[in-house]
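What follows is a single structure, written as structure tokens, with notes after it.
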Amino acid sequence: MKILVTGFDPFGGEPINPALEAVKRLPDTIEGAEIKWVEIPTVFYKSADVLEKNITDFEPDAVLCIGQAGGRFGLTPERVAINQDDARIPDNEGKQPIDLPIREDGEPAYFTKLPIKAMVEAIKAEGLPASVSNTAGTFVCNHLMYQLLYLVDKKFPNIKRAGFMHIPFMTEQVVDKPGTASMNLDDISRGIKAAVSAIVKHYDQDDLNIVGGATH
């Protein structure tokens, strides 16, 4: 089995992105699966181009994209991506699409193909906070998740598991952000590894049928 794991470059004025730094620390194999990590630009559409090229070249069985969600407390596998760009800030090339569809021929939304509840339980088993998220936002993270699932639907049907997970700020990033949640890089990387392990173990199994919803 081969798994592609992606991490975004820094954006929004931050000098570092824990998504990229954490995936760099992943081992070459997890539960017997070959792991390849790749850096993704925080740029609308270009992010999807880089992702598609790496999928074509590596031919993975599963894809896990990782992004920073500053302010979140734990690691949060995403349930759904919506066909909408509505950028609060410009991307790294100054683009700021507002209320625009990502793919004219795409579905209104695509649901993850990852065992997100099993991933949450695996991360918690490592002593780390995790929960299912029901919104990936409307910036480049949602854009990339939507593009990934669109590509799986339209072009790469052999990819059985694909989706996105957000991670918190690194501790170093919140020195000037009092009261903001964070996690050290070693723990973030350990949580991602646990999530990947769950993907491998549940590759041919249904996700866990346990509570993962939220009231708001």
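The values are calculated or read from the model by the stated rules, or taken from the named source; none is laboratory data. The structure displayed is predicted, hence computed values, not measured ones. Glycine also receives a Cβ, built like all others from the backbone with ideal geometry; neighbour counts cover every protein chain displayed. With ligands, DNA and RNA removed, areas are computed over all heavy atoms of the protein, side chains included. Shrake-Rupley method; radii C 1.70, N 1.55, O 1.52, S 1.80 Å.
Brief remarks follow.
- Condition broken by residue 36, with the remaining ones in (1) under 13 Å from residue 141 (Cα atoms); (2) open to solvent by 50 Å² or more (accessible area, probe 1.4 Å); (3) touching a strand residue (DSSP E or B) at 6+ places or on another chain (Cβ under 6 Å) satisfied: (1)
- Residue list for region 84-125, filter: more than 19 Å from residue 64 (Cα to Cα) and in contact (Cβ under 8 Å) with a residue 60 or more places away in the chain: 89, 91, 92, 125
- Residue within region 94-103 that is within 15 Å of the chain's Cα centre (by Cα) and acidic (Asp, Glu) present: no
- Among the residues of this structure, residue 56 counts as one that is of a type outside the set (Phe, Trp, Tyr) and out of contact with any Phe, Trp or Tyr (no Cβ under 6 Å at 6 or more places or on another chain).
- Hits in region 198-216 (condition: open to solvent by 50 Å² or more (accessible area, probe 1.4 Å) and part of a helix (DSSP H, G or I)): 201
- Scanning region 152-197 for residues that are open to solvent by 20 Å² or more (accessible area, probe 1.4 Å), outside any helix (DSSP H, G or I) and among the β-branched types (Val, Ile, Thr) returns 175, 180.
- Sub-7 Å Cβ pairs linking a first residue in region 170-191 that is over 13 Å from residue 71 (Cα atoms) to a second residue that is assigned to a helix (DSSP H, G or I) and open to solvent by less than 70 Å² (accessible area, probe 1.4 Å), at least 6 apart or interchain, are 184/171; 185/18; 185/21; 185/22; 188/18; 188/22; 189/22; 191/123, ordered by first then second residue.
- Qualifying position, being in contact with a Ser or Thr (Cβ under 9 Å, 6 or more places away or on another chain) and either loosely packed, with under 14 Cβ neighbours inside 10 Å or not in a loop (DSSP other than H, G, I, E, B) (or both), among 122, 118: 122
- Within region 21-44, being free of Cβ contacts under 8 Å to residues at least 40 places away in the same chain and either closer than 21 Å to residue 94 by Cα or not in a helix (DSSP H, G or I) (or both) holds for 28, 29, 34, 36, 37, 38, 39.
- For region 9-29, the condition holds for at least one residue, the condition being that it is open to solvent by 10 Å² or more (accessible area, probe 1.4 Å), under 14 Å from the mean Cα position of the chain (by Cα) and more than 21 Å from residue 133 (Cα to Cα).
Yes or no, residue by residue, for (1) more than 26 Å from residue 106 (Cβ to Cβ); (2) not polar (S, T, N, Q):
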site: 135; (1), (2): no, no
site: 138; (1), (2): no, no
site: 143; (1), (2): no, yes
site: 176; (1), (2): yes, yes
site: 213; (1), (2): no, yes
site: 216; (1), (2): yes, yes
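- Filter result (open to solvent by less than 20 Å² (accessible area, probe 1.4 Å) and either in contact with a strand residue (DSSP E or B) (Cβ under 7 Å, 6 or more places away or on another chain) or not charged (D, E, K, R) (or both)) within region 71-96: 74, 75, 76, 77, 78, 81, 85, 87
- Region 45-70: number of residues that are in a helix (DSSP H, G or I), touching a strand residue (DSSP E or B) at 6+ places or on another chain (Cβ under 6 Å) and open to solvent by 10 Å² or more (accessible area, probe 1.4 Å): 3
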